[in-house]
Amino acid sequence: MRLLIMGPPGAGKGTQAKEIARRLEIPAISTGEILRKNVEDQTLLGREARRYLDRGDLVPDEIINGMVRARLDEPDTRHGFLLDGFPRTLAQVETLDNILADEGVKLDRVLVLKVDNDELVRRLLGRAESDGRTDDTEEVIRRRLEVYSEQTEPLLGVYAQRGLLVIVKGMGEVDEVTERVLAALA
Ligand code: ADP
């Protein structure tokens, strides 16, 4: 199965993506995680991406597109994948369409996690204390939520038109949400 998982920062995409991918036996691919790893390893890509990450802004397409294409070229994605964090803009939708068209495959579903705004902020601030992600300060969180509603939320309309959206309530226990997603996919 070829899946996207979408939703605002704090919706639990990363957590759910890992568990759902494990259950479906496909790789979970998180662009945020790949970027943070590059920053940590101080690669050229990481050095270029860092200032955007730290501000809560999107990393430019020139950086991200090649990174995603290379990852989706790897053999473990042949029978499917769960992509988390890409696409985030309408231009990235087109890039993904092109990558998939080149491989002669199509997306099966786009999962959307719905979580109330208050709960999002509460979770993100909680994570800031526990994980120490440099983009989890209050100001940067606010910026990431703004970027999401301006640039990423419009993508839901595009995928809805294609008949791919599967909307799942992301509130409640982690396991409950996973079961809800798997039931919605069945
Ligand atoms: P969250 O979903 O909690 O905001 P992510 O780990 O998905 O966190 O992303 C963290 C940061 O990585 C984003 O704020 C952005 O700077 C960068 N990033 C991740 N994916 C993309 C993308 N597709 N395009 C541009 N920037 C991205």
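The values are calculated or read from the model by the stated rules, or taken from the named source; none is laboratory data. Everything quoted here is computed from the prediction, not taken from an experiment. So basically every Cβ, Gly included, is an ideal-geometry build from the backbone, and we count neighbours across all protein chains shown. Keep in mind that these areas ignore ligands, DNA and RNA; they rest on the heavy atoms of the full protein, side chains included. Shrake-Rupley method; radii C 1.70, N 1.55, O 1.52, S 1.80 Å.
Binning at 10 angstrom from zero up to the longest distance, how are the C-alpha pair distances of the chain distributed in percent?
9, 38, 40, 13, 0
Only residues of the range 153-186 count here: report those whose backbone N is under 20 Å from the spot 7 Å along Cα→Cβ of GLU129, or say none.
172-174
Through the Karplus equation 6.51 cos²θ - 1.76 cosθ + 1.60, θ set to phi - 60°, convert the phi angles of the range 67-76 into ³J(HN,Hα) values in whole Hz; use x for Gly and Pro.
Couplings: 4, 5, 4, 4, 5, 6, 7, 6, x, 5 Hz.
Could you pull out which residues in the range 37-57 have an amide N less than 11 Å from a spot 7 Å beyond the Cα of THR137, following the Cα-Cβ vector?
54-56
Just to check I understand the Karplus step: with θ = phi - 60° and J = 6.51 cos²θ - 1.76 cosθ + 1.60, what whole-Hz values come out for the range 39-51, glycine and proline as x?
5, 4, 7, 6, 6, 4, 4, x, 5, 6, 7, 3, 5
At ARG162 and ASP54, where each label point lies 7 Å from the Cα along Cα→Cβ, what is the point-to-point distance in nanometres?
3.5 nm
What residues have an amide H closer than 5 Å to that of SER30, excluding those fewer than 5 places away on the same chain, when H is modeled at 1.01 Å from N in the peptide plane?
Amide H to amide H, under 5 Å and 5 or more residues apart or across chains, SER30 pairs with ASP84.
³J(HN,Hα) across the range 111-126 via Karplus (A = 6.51, B = -1.76, C = 1.60, θ = phi - 60°), whole Hz, x for Gly/Pro?
7, 10, 9, 9, 9, 4, 4, 4, 5, 4, 5, 4, 5, 5, 5, x
Could you tell me whether the range 29-106 comes out rounded, prolate or oblate from its Cα gyration tensor? Rule is a ≥ b ≥ c as square roots of the eigenvalues, rounded for a/c under 1.5, then prolate if a/b exceeds b/c, otherwise oblate. Before the final figure, lay out each step's value.
On the way: a/c = 2.27, a/b = 1.60, b/c = 1.42.
Cα axes put the range 29-106 in the prolate bin.
Contact order normalised by length for the chain, with contacts defined as Cα pairs under 8 Å and 6 or more residues apart; what percent is it? Spell out each step's value before the answer.
Details: 241 pairs, mean separation 63.3, N = 186.
Once divided by the residue count of the chain, the mean separation gives 34 percent.
Enumerate the amide H contacts of MET6 below 5 Å, restricted to partners 5 or more residues apart or on another chain; note that Pro and chain-start residues carry no placed amide H.
Correct list: LEU111, VAL112, LEU113.
For the chain, what does the accessible surface come to per residue with a 1.4 Å probe? Please give it in Å².
With the other protein chains kept in place, the chain gives 53 Å² per residue.
So, in Å, what gap is there between the alpha-carbon centers of the range 133-186 and the range 11-36?
13 Å
Can you pull the percent of the range 2-185's accessible area that's carbon plus sulfur, 1.4 Å probe, other chains left in place?
So the carbon and sulfur contribution to the accessible surface is 47 percent.
Helix-only estimate, please: 222 nm mean residue ellipticity of the chain, summing -39500 (n - 2.57) across DSSP H runs of length 4 or more and dividing by its residues, to the nearest 500.
On the way: 9 runs with 105 residues, N = 186.
The helix-only estimate for the chain comes to -17500 deg cm²/dmol at 222 nm.
Filter the GluC sites (Glu not before Pro) in the range 12-104 down to the DSSP loop ones having no more than 14 other Cβ atoms within 10 Å, then list what survives. Could the numbers behind the result be given before it?
Details: sites: GLU19, GLU25, GLU33, GLU40, GLU48, GLU62, GLU94, GLU103; in loops: GLU25.
Sparse-neighbourhood loop GluC sites (Glu not before Pro): GLU25.
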